[in-house]
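Report on the following structure.
The values are calculated or read from the model by the stated rules, or taken from the named source; none is laboratory data. Just so it is clear, the model here is predicted, and its values are computed rather than measured. Backbone-built Cβ (ideal geometry, glycine too); neighbour counts: all protein chains shown.
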Amino acid sequence: MEDKEIILRCLSGEIEIFEMLVIKYQADVLSMTWSVLGDKEEAKDVTQEAFIQTYLNLNRFDSTKSFKNWLFAIAYKRCLDRKRKERSLSRFIQKAIKEKNPNTEVESEEKRLECSETFGPILNKLNEKERTAIYLKMSNGYTAKEISEIFNCAESTVRVYLLNAKRKLKKLLKEKKHVSTF
């Protein structure tokens, strides 16, 4: 059954059929959110939130567009919201700890993600947009146009993200190869 048919049936009252969309896209959305957040448990939460938000807003879906892209855009925005909240909380906690003990060093969320072994230290050296764009391109076969719909930006901007990501990865892999040969 096509996505648009499932959506029409959901909108006409067959809410249980939405599960078909969840089953179809859950693994892809989880993989994307995990690549953005770098934490599997956070990614699971955001994936669930994205499906809930998608379901609650099905009546806003533009049936002339791709449902998968719309879903990924919602999930990506939820990731950004989560990261914003974490940064705010992290700054608050760091400030509170430093006020209590000025000599204490607190690792930032960025450092923690950088050290994460989830996707390897090389991928973590890419910025968020580059990492997500290259992930969508390589693992899901997304085109620059489709990624631009998810990021809500120009296709040319996505092409720049992809080009920069490829260049950085190539350079980092060369450096790693030289280091491992010693």
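Filter segment 1-15 down to the residues that are in a helix (DSSP H, G or I) and either outside the structural domain of residue 74 (by TED's automatic domain parsing) or of a type in the set (D, E, K, R) (or both) and list them by number.
Hits for segment 1-15 are 3, 4, 5, 9.
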Q: Could you tell me which residue of segment 19-69 is farthest from residue 130 (Cα to Cα), considering only residues that are of a type in the set (A, V, I, L, M, F, W, C), touching a residue at least 40 places away in the same chain (Cβ under 8 Å) and out of contact with any Ser or Thr (no Cβ under 6 Å at 6 or more places or on another chain)?
A: 58
